[in-house]
1. Specify which of the listed residues (759, 789) is over 30 Å from residue 636 (Cβ atoms) and aromatic (Phe, Trp, Tyr).
2. I'd like to verify a number: residues in the range 1-36 that are surrounded by fewer than 24 Cβ atoms within 10 Å (Cβ to Cβ) and more than 14 Å from residue 345 (Cβ to Cβ), how many?
3. Kindly indicate whether residue 647 is out of contact with any Leu (no Cβ under 6 Å at 6 or more places or on another chain) and either surrounded by fewer than 22 Cβ atoms within 10 Å (Cβ to Cβ) or assigned to a strand (DSSP E or B) (or both).
4. Conditions: (1) under 31 Å from the mean Cα position of the chain (by Cα); (2) basic (Lys, Arg); (3) open to solvent by 40 Å² or more (accessible area, probe 1.4 Å). Residue 131 meets all but one. Number of the miss?
5. At pLDDT 95 or above and touching a helix residue (DSSP H, G or I) at 6+ places or on another chain (Cβ under 8 Å): is that true of residue 665 in this structure?
6. Checking residue 199 against (1) over 30 Å from the mean Cα position of the chain (by Cα); (2) farther than 27 Å from residue 79 by Cβ; (3) open to solvent by 10 Å² or more (accessible area, probe 1.4 Å), which single condition isn't satisfied?
7. Considering only residues that are in contact with a Gly (Cβ under 8 Å, 6 or more places away or on another chain) and more than 21 Å from residue 555 (Cα to Cα), which ones fall in the range 215-232?
8. Give me a count of the residues in the range 270-327 that are open to solvent by less than 70 Å² (accessible area, probe 1.4 Å) and in a loop (DSSP other than H, G, I, E, B).
Amino acid sequence: MTDTAIPSHARAVIVGGGVIGCSVAYHLTKLGWTDVVLLERRQLTCGTTWHAAGLIAQLRATQNMTRLAKYSQELYGTLEAETGVATGFKRVGSITVALTDERMEELRRQLSMARAFGVEVDEISPEEIGKRYAHLNLDGVVGGVWLPKDGQGDPANIAHALAKGARNRGAKVIEGVTVTGIDREDGRVTGVRTDKGDITADTVVNCGGMWGREIGLMAGVDVPLQACEHFYIVTEAIEGLTQLPVLRVPDECAYYKEDAGKMLLGAFEPNAKPWAVDGIPADFCFDQLPEDFDHFEPILENAVGRVPMLAEAGIHTFFNGPESFTPDDRYLMGEAPTLRGFYVAAGFNSVGIQSAGGAGMALAQWMEDGEPPFDLWDVDIRRMQPFQNTKHYLVERAREALGLLYADHFPYRQFETARGLRRSPLHAQMQAAGAVFGETTGWERANWFAKEGQEREYRYSWGRQNWFDNAAEEHRAVREDVGLFDMSSFGKLRVEGADAEAVLQRLCGNDVAVEPGRIVYTQWLNGKGGIEADVTVTRLASDSFLVVTPAATPQRDIAWVKRQMPEEARCAVLDVTPMEAVMVVMGPRARDVLQPLTTADLSNDAFPFGTMQEIEFGMARIRAHRVTYVGELGWELYASAEMAGYVYERLMQAGAIRHCGLHVLDSCRIEKAFRHYGHDITDEDHVLEAGLGFAVKTDKQPSKFGDFLGRDAVLRKRQEGVSRRMIQFKLNDPGPLLYHNEPILRGGEIVGHLTSGNYGHHLGAAVGLGYVPCAAPGETGADMLADAYEIEVAGARVAATASLRPLYDPKSERVRG
């Protein structure tokens, strides 16, 4: 059943009638939005949803993604009773098996993470696997994990149930309508144009699936995704075959699902096939793509060996259908940073069915409140960069992205495709010094430095990787001597104008009404006291400020400034990231190295911590910022791009300076308990519970635009007391390694998980940060630390030392030395 009349106006127009669009409509109407219109170009589910495998798992890579997946399961279990449409959802459980020790280590770490996230899971031996899945050939099987509440469902019927639920609450679901344009004015969406008439709208939601990129371009919004061919086979009916758990064998790129007495075998092969590079056919509707048996044959050969009954079963269907993939294998959701009122939920990387319920709920709440209901940075569209929407980039990255779903998810794993685009002015110099590069938002960044004769590539492992000793030496240089980091990828935003100070005072929790040359560490807070940005603000002049932010967040931060800035403000924000190189010189000998190279006095009295000066550096004029993210004496040197090479050469002529990479920047910062935005602190984390209250000045004078955002939330929390605290942990055993998401145990009970982890080469063991809830309201920090703590690493509990103060240089004497 479909509505037919095109209204002239709607509060929300949803473009796309797959399971995601239907879920958004369903959840908007649950929030009371009755003026909702869903437009589908052909028929509901006719793009990707109809041919999805329908695997519905609970566990995802982060706590909130797991939260959304669990919500999806719970929703699908109730939809039939609500709507009368059978969803086919059933909890059959799932087994993932490991064929290597490395994969088993990954599964054990996932098992520990699942416990921290409240997901029921057990490690099972090969013998136990055989009992649960008798058809499996156990040759080479090392072990596995069992998730009893995982399930499967009918993707098309789930979508139709959601659509019916939305329609029952007043939404219009209209098929056979093609959107031909998106109208916008003054930075806000105003409606859609269709082949059946135009609709003005307060909000528009792009749920276009593999058409999402093209719909985005209609609105001037980048939605980077690319369709790839996805293959599976369905056998003829197999006599005596009864219900089986979902089976995943990632080391063979395969998954198996029993359905109605038949077996479905699907794959995420390492070298994917991008599809419709020149555009999706206009008449695409419930279509299949041409068979490519040669491409699928290696998967099938392994599968016949792994599940021998497939050798005797005839193939009923060889299916090839398109699914959309994003550059980082995480879907795209949220309000577009460049167009108010234009929302996106697309690019679900083959997890659309298990994600749809939760994603629709979260996006609907986002639209209702004007902000995410909880931390969704993993999938926030603001993480994407404009260049990632170029067709050449998308096609190159898509070849790799599909296969990574079942690849080993090693720590520090780097993408191999679509590389080399964004380079520091010092890229060639870093390369000559032995840099091994990683990639963040397209930036090629020196992660570690190889020695002469050492191979310049990663050898991945869950244990100590081939660069561990290199990092230890770099770390030692920063702590005992002097190191040089190329941090040109820092996001650099200029905030300019007569009202620049007033705008920043409204945004910043700290007081930035300071003299030119002062550097202020601050957070930008939302109304709940959560952290929207973690930045330094340097006052350059009375009407000019420099905001320095992580490499991954300039798009997000610019959008935040523009959306919080009053229309009457005489202020502008500009991304100047590529205009300057940043050379970070850190370590106890930093002053000794730099002083002979400049006429400026670098003594404590003349150049105190937290200040900036423009200095002569040989023939160049540069800015020197005395701040640190590693916990040592040092300066960040900002040089215009054309002078960066000269400044670097001067530094190299000064004597022995150790080149250091981003891995050591992280290992040093975690020893000092410096927070990492996106891991340790997010828009969901209250600034006081993050231990950053020292950077919040509730008594500062309001700006002409009012008190700073989040002030009331900070005052309330100070009065009520915190409900949890960020604590630093150091393992008492120097052997195990920490990455993130490892469970925290207090008194033998899981109470949280690590938000970040690395090896503390100076402290002599792995170090992590994580939130621990207070046992009771008002519990003191001392009482919290009085208990015994452990961290669970791959299923094993390891005793840990807990501290509320940095375990390294707690008084910051070295920083101010």
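The values are calculated or read from the model by the stated rules, or taken from the named source; none is laboratory data. Quick caveat, the model's predicted, so the values are computed rather than measured. Don't worry about glycine lacking a Cβ; one is built from the backbone with ideal geometry, like all the others, and counts go over all protein chains shown. Quick note on the areas: whole protein, heavy atoms, side chains included, nothing else; ligands and nucleic acids left out. Shrake-Rupley method; radii C 1.70, N 1.55, O 1.52, S 1.80 Å.
1. Residue meeting the stated conditions: 789.
2. Of the residues in that region, 17 qualify.
3. No.
4. It is condition (1) that residue 131 fails.
5. So residue 665 does not fit the description; no.
6. If we test residue 199 against (1) over 30 Å from the mean Cα position of the chain (by Cα); (2) farther than 27 Å from residue 79 by Cβ; (3) open to solvent by 10 Å² or more (accessible area, probe 1.4 Å), just (3) comes out false.
7. Residues satisfying the conditions are 229, 230, 231, 232.
8. 18
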